[in-house]
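Structure record follows, encoded as structure tokens.
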Amino acid sequence: MEKRPSTSRGSKKRLKRFLLRYYPPGIILEYEYKGKRRTKPIDLLDLSEHTDVDVLINVIIRQEPLISEKRRPILRSLIEKLTAKLETKCSGKYSLDKMLQAHILPLTNCAFNKSGTRFITGSYDRTCKVWDTDTGKEILTLSGHKNVVYAIAFNNPFGDKIATGSFDKLCKIWNANDGKLLHTLQGHSKEIVCVSFDPQGNTLATGSTDNTAILWDTETGKSLFVLEAHDAEIVSLHFNTEGNLLVTGSFDNTAVIWDVTTGQSMHILDGHAGEISSTQFNFAGDLVVSGSIDSTVKIWDVASGTCLNTLEGHEDEILDVCFNSTGSLIASASADGSCRIFSTMTGQMKHCLTGHEGEISKVSFNPQGTLIISASSDKTVRVWDVETGKCLNILKGHTDEIFSCAFNYDGSVIITGSKDNTCRIWLREEEKSSS
């Protein structure tokens, strides 16, 4: 066994176990250091069925002091599991499993917990409801807001807290298991329109039409920082994977990258000629994508705040943008009725996805990055093949505009929310035939 640098007694890092992360591919090392359990990720974003596994294992063992040569067999087994998961193909065929008459007034949003066993819906009826995905039964109703519950979020990956942001200017944090109200967060002077937990679950960000975002401690409910740099309402919030940076998008045509630990703005991303509709970090956290009503998508360098590329081609407002789980592709949704898939590295358009007969307000990759779903005002959701750009499936049945669609963690379930006041659960055909 190769020699490791000696460390003083008690301060040595001891590897306890390996954990698999399928999307995006990676291995999490759980180790003990100074009496505490910690984790460290090994990201394998470029892993594919063509990867030379032996070369990859050599690189990991050489670069990672926690992994010794004797761990080579288990490392090989883990990487082979990840590769097998990547090779799993699905038909892209989904069919209606359940229709839920979710609220008496229109829905505003819906979101899964990490495993997809539960989802939440917000509504103009001033409540948020928690649902069991498998049975379609309502588990909890979170009541207490005095106005529309517009923004909702689970603290994924944990899923034990829910945040609700309302037009009553308040955000509330709830226990996701028993529905108990944990904190009421007071600080905004106008409607709250977006909320987001950091991936570690320690911090909650709220964005408002009062032009500010506020960072809150999720344990104490105390305000940490008020983020002031925008001249118009904030409509988009997203933490990076580490949880130390936040990006906000605003109707003032700019996005801002913030240092979460200090509350200071690091970069103002200025370049769009119209209001920002959507912003997101890639998984690695070195890029931000922004979509605007100026019909363009921009890719920004996080370290310098400079625009690396402007992606053009849409003929109307961009309403949503997202990265795939590894960050290699970007999808955009537009009021022109099309979605586009771009290469992050080159900025080249790979496919223009046409077929919808109305504007597309939401677009999302499945965790594997092989499918895209798009939600439209034409009352349908379409499922697209990322490789070919072909439409594989049209999810029909809603009787009004669809504004929300999401995959669960393994891509086997799709949830859709519509202005027809219903939520629909769609199950992948492979799951239906095996159940």
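The values are calculated or read from the model by the stated rules, or taken from the named source; none is laboratory data. Everything quoted here is computed from the prediction, not taken from an experiment. FYI the Cβ positions are ideal-geometry reconstructions off the backbone, even for glycines, and counts take in every protein chain you see. The area values use the complete protein model at the heavy-atom level, side chains included, leaving out ligands, DNA and RNA. Shrake-Rupley method; radii C 1.70, N 1.55, O 1.52, S 1.80 Å.
Of Arg382, Arg21, Arg424, the residue with the greatest mean-square motion in the GNM of the chain, using alpha carbon springs below 10 Å, is Arg21.
For the stretch 87-173, the set of trypsin sites (Lys or Arg not before Pro) satisfying both a DSSP loop assignment and a count of at most 14 other C-beta atoms within 10 Å is given as Lys89, Lys93, Lys114, Lys137, Lys146. Model label sites at Val55 and Thr354, defined 7 Å from Cα along the beta-carbon direction, differ in position by 4.0 nm.
Spacing of the modelled spin labels on Asp301 and Leu181, each 7 Å from Cα toward Cβ, amounts to 4.9 nm.
Taking GluC sites (Glu not before Pro) across the stretch 264-318, the ones in a DSSP loop with at most 16 further Cβ atoms lying within 10 angstrom of their Cβ are Glu312, Glu315. For the stretch 167-208, the residues whose backbone nitrogen is under 15 Å from a point 7 Å from the Cα of Asn156, taken along Cα to Cβ, are 195-201. Result for the chain in a Gaussian network model with C-alpha springs under 10 Å: among Asp46, Asp316, Asp54, the largest mean-square fluctuation is at Asp54. In terms of its alpha-carbon gyration tensor, the stretch 1-146 comes out oblate; a/c meets the 1.5 threshold, while b/c is at least as large as a/b. Where the centroid of each part is defined by its Cα atoms, how far is the stretch 396-428 from the stretch 110-155 in Å? Here the two parts' Cα centres lie 14 Å apart.
Could you quote the convex hull projected area for the chain, Cα atoms only and averaged over all directions, in nm²?
21.3
Ranking Ser250, Met266, Ile234 by how far each Cα lies toward the positive end of the dipole of the stretch 227-340 (charges on Cβ) leaves Met266 at the top.
Given 37 °C and 0.692 mPa s, compute D for the stretch 211-347 with the Stokes-Einstein relation, Rh being the Kirkwood radius over Cα pairs; round to the nearest whole µm²/s. Result for D is 220 µm²/s. Counted residue by residue at 0.36 nm each, then reduced by the alpha carbon distance between them, the extension gain from Ser115 to Asn244 reaches 44.0 nm. The charge dipole of the chain, taken about its Cα centre with unit charges on the Cβ of Lys, Arg, Asp and Glu (plus for the first two, minus for the last two), comes to roughly 2520 debye. Three semi-axes describe the equivalent ellipsoid of the stretch 197-290; taken as square roots of 5 times the Cα gyration tensor eigenvalues and ordered largest first, they are 20, 15, 10 Å. For Leu392, nonlocal amide neighbours, meaning residues 5 or more places apart or on other chains whose placed amide H falls under 5 Å from its own, are Val383, Trp384, Asp385. Applying the Karplus relation 6.51 cos²θ - 1.76 cosθ + 1.60 with θ = phi - 60° to the stretch 219-229 yields 3J(HN,Hα) values of 7, 9, x, 7, 6, 8, 8, 9, 9, 10, 7 Hz, where x marks Gly and Pro.
Rounded to the nearest whole Å³, what is the per residue volume of the convex hull around the Cα atoms of the stretch 154-224?
So the per-residue hull volume is 70 Å³.
Close amide H pairs (under 5 Å, H built 1.01 Å from N) link Leu269 with Ala255, Val256, Ile257, residues at least 5 positions away or on another chain.
The Ser91 and Lys12 beta-carbon pair, evaluated with R₀ = 60 Å, returns a calculated FRET efficiency of approximately 0.75. Distance between the 7 Å Cα→Cβ label points at Gln101 and Leu66: 5.2 nm.
What GluC sites (Glu not before Pro) does the stretch 11-102 have in DSSP loop regions with at most 11 other beta carbons within 10 Å?
Glu49
If you sort the three axes of the alpha carbon gyration tensor as a ≥ b ≥ c, you get a/c of 1.5 or more for the stretch 313-435 and a/b no higher than b/c, which makes it oblate.
Indicate the gyration tensor shape class of the stretch 374-430 (rounded, prolate or oblate), computed on the Cα atoms with a ≥ b ≥ c the square roots of the eigenvalues: a/c under 1.5 is rounded; otherwise a/b larger than b/c is prolate and the rest oblate. Oblate shape, in that a/c is at least 1.5 and b/c is the bigger or equal ratio.
Only protein heavy atoms count here; under a 1.4 Å probe, Lys222 has an accessible surface of about 130 Å².
For the stretch 301-309, putting each phi into the Karplus relation 6.51 cos²θ - 1.76 cosθ + 1.60 with θ = phi - 60° gives couplings of 8, 5, 5, 9, x, 8, 7, 8, 7 Hz, in residue order, rounded to whole numbers and with x for Gly and Pro. Database remark: amide H of Leu319 closer than 5 angstrom to the amide H of Ala333, Ser334, Ala335 (H placed geometrically; neighbours at sequence offset of 5 or more, or on other chains; Pro and chain starts carry no H).
The HN-Hα couplings worked out from phi for the stretch 41-56 by the Karplus form 6.51 cos²θ - 1.76 cosθ + 1.60 (θ = phi - 60°) are x, 10, 7, 10, 5, 9, 4, 8, 5, 8, 5, 7, 5, 4, 4, 4 Hz, whole numbers, x standing for Gly and Pro.
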